[in-house]
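Following: one structure in structure tokens, then a few remarks.
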Amino acid sequence: MSGITKLSCELVASILRSFDDISFLPPTLLTCRQFYAAFKEYPNILIEIMRQQVTSDLLPYSVAVVEASRLPHPRTSVGIQTLLDTLYDDPAQLVARLQMMTLSDMLRMGRTHDVIHDLATDFAADAWDLLSHGDSGVSGKLVLSPKEYFRFCRAFYRVELFCTLFRGEGIARPTAVDKSEIRGYLSRHPPWENEQICCVHDFLEKRLSTASLDVVAHDVQLGEYRIDYLSVGGENQWKQLWLSQGVHFIHQLLHSSSYESKTALLKGAMGSSSAELYDALAESVEADSNDDTSLEDYTQDMIEALVPRHDSQDTDQGPYLAWRAFHGYLPRSAWVMLSTNSGLRERGYVLWDWDRMERYNMIELFQNIPNRASHAHTDEDYEEMEASFDQRSKIWQKGGSGYWRKGDTSKIVWPRVQPT
């Protein structure tokens, strides 16, 4: 440390500013008095590190998630609308609030971004791998462009913001006020950006399904409750509830190494409320049921009216053109979360740059994508699930609990017989 002590305060501050992860800062400040002195002298170091870690374009969303978590329950229309108006109409004002945030706040923001970064890049890699199957012409290691990285991460932030705003407390279901504000939130995006959120929903649901399967398919108590582990979307309210707990919950579930820790996590959330993201997305395009005008019949002015605001951060035409290619013949009511587009959403079809789509002829490639997602289940799978419910329920009714597997009850825990 003798070399550090000879450096000027300004130079030490420059070293701290070079950090690209806010979590590096606290241990560094504890190692040397000069680091702490420079930090106190230049408090904007925190903000500069956050700009590097989260990136300037995503920073308003990062702040919005923290601000949303601070809104009192029950949420009010004024509180929700004020926050969203600021995010979408004056994002610089949100970024300015960093001046009033503590190191603890920014550490929290940094952790959330790290989780979103991991999930977003995992989704992009998974989608690219699916696109690379067979004789598709898609090959090579995926390197996201800055615009694609922003787009993937923004969609995850929008999901996290949705869940934070509308999850509620306890087991309360969304009220009329909630539903009005939910529609207001989603109406701030054009349909293809809501379809981006649908892509993230499906990815998170897929990952959650895989990570929770061992518990939900084998725990005796959950069998008694007949917790469906196969259905997706609006047909599975338990998955919707767990997904509503947000990206930290899902990330923790994905990285829990033991059956016991996953069981505790899943059961611990069962008394929580659901933001009902799937239903919100499926109903996000308000349309007259008698209006059967297809997208291909829309004029240019009508198309432009679908964009509620100009977003200078994302002007690439790839997402819009991909969305239009598969909704041209459909009326407004079918523009988002169409079940037959599950395979497309699994491949992130509305998240790629047009340059990449042209290079790999992806619009044509998308034409041959299966309608169903790769993790779809068969009738036999559902029959087996129902049979497992019956078997586990019988064990539960007799006082048993723990881990059940077909043909194996060795891990069932039975109540101890009390001595007479």
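Which is within 19 Å of C199 (Cβ to Cβ), without any contact (Cβ under 8 Å) to a residue 60 or more places away in the chain and either in the same structural domain as I227 (by TED's automatic domain parsing) or of a type in the set (F, W, Y) (or both), of R372, R356?
Exactly one of R372, R356 is within 19 Å of C199 (Cβ to Cβ), without any contact (Cβ under 8 Å) to a residue 60 or more places away in the chain and either in the same structural domain as I227 (by TED's automatic domain parsing) or of a type in the set (F, W, Y) (or both), namely R372.
Here is a yes/no grid of residues against (1) among the hydroxyl-bearing types (S, T, Y); (2) buried (at least 18 other Cβ atoms within 10 Å of the Cβ); (3) in contact with a strand residue (DSSP E or B) (Cβ under 7 Å, 6 or more places away or on another chain):
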| residue | (1), (2), (3) |
| --- | --- |
| L83 | no, yes, no |
| A92 | no, no, no |
| T102 | yes, no, no |
| I116 | no, yes, no |
| L119 | no, yes, no |
| D122 | no, no, no |
Query - Single match in G234, G184 (criterion: part of a helix (DSSP H, G or I), surrounded by fewer than 21 Cβ atoms within 10 Å (Cβ to Cβ), in contact with a helix residue (DSSP H, G or I) (Cβ under 6 Å, 6 or more places away or on another chain) and not hydroxyl-bearing (S, T, Y)) - result: G234
Requested in this report: Could you give me the residue pairs with C-beta distances under 7 Å whose first residue belongs to segment 258-281 and is in contact (Cβ under 8 Å) with a residue 40 or more places away in the chain and in the same structural domain as Q240 (by TED's automatic domain parsing), whose second residue is among the polar types (S, T, N, Q) and not in a helix (DSSP H, G or I) wherever it lies, and which are 6+ apart or on separate chains?
Outcome: K262/S256; S272/Q245
Query - Conditions (1) of a type in the set (F, W, Y); (2) crowded, with 19+ Cβ neighbours inside 10 Å; (3) without any contact (Cβ under 8 Å) to a residue 24 or more places away in the chain; number of the one not met by W335 - result: (3)
Report summary line: Restricting attention to segment 287-319, the residues that are free of Cβ contacts under 8 Å to residues at least 40 places away in the same chain, of a type outside the set (D, E, K, R) and assigned to a helix (DSSP H, G or I) number exactly 4
Query - Failed condition for S272, given (1) buried (at least 20 other Cβ atoms within 10 Å of the Cβ); (2) small (G, A, S); (3) closer than 18 Å to F166 by Cβ - result: (1)
Query - Flag for D279 being touching a Gly at 6+ places or on another chain (Cβ under 8 Å), at pLDDT 90 or above, outside any loop (DSSP other than H, G, I, E, B) and under 22 Å from A120 (Cα atoms) - result: no
Query raised in the report: Does S284 satisfy the criteria of being crowded, with 21+ Cβ neighbours inside 10 Å, in a loop (DSSP other than H, G, I, E, B) and either touching a helix residue (DSSP H, G or I) at 6+ places or on another chain (Cβ under 8 Å) or at negative phi (or both)?
Result: yes
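The values are calculated or read from the model by the stated rules, or taken from the named source; none is laboratory data. Since the model is a prediction, treat every value here as computed from it, not as a measurement. As a convention, Cβ positions derive from the backbone with ideal geometry for all residues, glycine included, and neighbour counts pool all protein chains shown.
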